[in-house]
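Peer 1: Please see the structure below; I have some questions.
The values are calculated or read from the model by the stated rules, or taken from the named source; none is laboratory data. Bear in mind that the values here come from a model prediction, so they are computed numbers and not experimental data. Using ideal geometry, Cβ is built from the backbone for each residue, glycine included, and neighbour counts are taken over all protein chains shown. Ligands, DNA and RNA are stripped out before the accessible areas are found, and what is left, the full protein with its side chains, is counted by its heavy atoms. Shrake-Rupley method; radii C 1.70, N 1.55, O 1.52, S 1.80 Å.
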Amino acid sequence: MSTAAFSRGPCATASTSASTSPARARRIAPRRPSGRARGSRTRRGASPRAPEASAASAATSTFSALPVLQLPDEDCTPEEEAAFCVRLRDVCHTVGFFYVANHGIAPKVTVDVLEASRAFFALPHDVKQGIANVNSPAFRGYVRLGAENTAGRPDWREQIEMGVEADAPGEETGAEADAAGVDADAAGGVDAYTAGDRPVYDVLVGPNQWPEESACPGFRRRVTAFLDDAASLSRRLMELLALSLDLPRDFFDDDFRGRPNVQAKIASCPSAPEGSPSSASSFGVGAHTDSGYLSLLLQDDVGGLQVQNGHGEWIDAMPIDGTLVVNLGEMLQLRTRGYYLATPHRVVSKAASGAGSPPRLSVPYFWNPRLDAVIEPMESLPETLTWLRPEPEDVAETRSHGDGGNRLIGLTPR
Ligand SMILES: O=C(O)CCC(=O)C(=O)O
Ligand SMILES: [Fe+2]
């Protein structure tokens, strides 16, 4: 399996995209098969999306700016929480993307993680390569510039990939091993996804790679502080998302069982050099939808993120001080029978602004179901939910991936 370069192909699968959740390459059963079976390799973290090919975006409202949602305080009244959920429902049904303010992550934590990241990317190439993700079975660590691609074009960013800090499977002992062990059959498993007596996706469990403390002082501590806070925020948002759908607060708990598949990265998008494949299309990250449940994004003040509305227009999502950007992924779109949207987005590199402009730093954080979850559409939605667009007749319509197309690279002959 190559870990050096992942590609977001021209189309992707329904199940889980190999992107944010490559391991959870289980098939999500639609009510009726769509017959749109096809697929290609997807890079971890996202599903490729041709702008005009997006069924979901065609049904999305024609927003011209992302809404800003003010999270109520933790100790808010039930009425305040309910009012927030009404707004959250509307935004997730029509846009699928928003800024969240009052998110509870202290400004110092966000400033610290960006500062630490800037220091890391300024290190000599050889030092960064010292934690190259090609040396991590769990794909953690540094990914050099241009190694990842979308639809065959290099994404013009270098990045560090991170996840939940854990021992690699087989290296735990006793109760830890019991907890990590997954019975694929009991989980409705698929033989093709087992390697020996463990499911293949177990390779994604493992330790992060960190630079030596002396090379990048405070990096691990500051990044970990942000990741911990992002996890708390994600847990709260999942509860609010459940409430917003008129479901019990803990409705999605079983999809996680306390073992979220977190995939986080710190990305640095420099200006693409003149004449490079990326500068031709001016992209830092090609158009795609995220594959999991929930994505949080911290960005510095450079900008470049764009979100596609229902008219196919690209709307700038410039950073707003004190906020994070939140969007939903395909697994949640599928789970909610297409009621909530996984909206296409991209990052445009600042090539147009000329050489010498600073690299753009961002910290995308993906909160996805446990690796052994099989994500299926809800049988039905609460009757209190109304559709502001035609309800998909076939849940498969909410899928941007074809059957089986997001399997781990190497498992499926292409
Ligand atoms: O860096 C960003 O602003 C967004 C990146 C992104 O969309 C992704 O990694 O899925
Ligand atoms: Fe994304």
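Peer 1: Quick one: how many Å² of Lys128 are accessible to a 1.4 Å probe, rounded to 10?
Peer 2: Rounded to the nearest 10, that gives 10 Å².
Peer 1: For region 314-388, which GluC sites (Glu not before Pro) are in a loop by DSSP, counting at most 16 other Cβ atoms within 10 Å? Kindly include the intermediate steps, with their values, before the conclusion.
Peer 2: Details: sites: Glu330, Glu379, Glu383; in loops: Glu379, Glu383.
Filter output for region 314-388: Glu379, Glu383.
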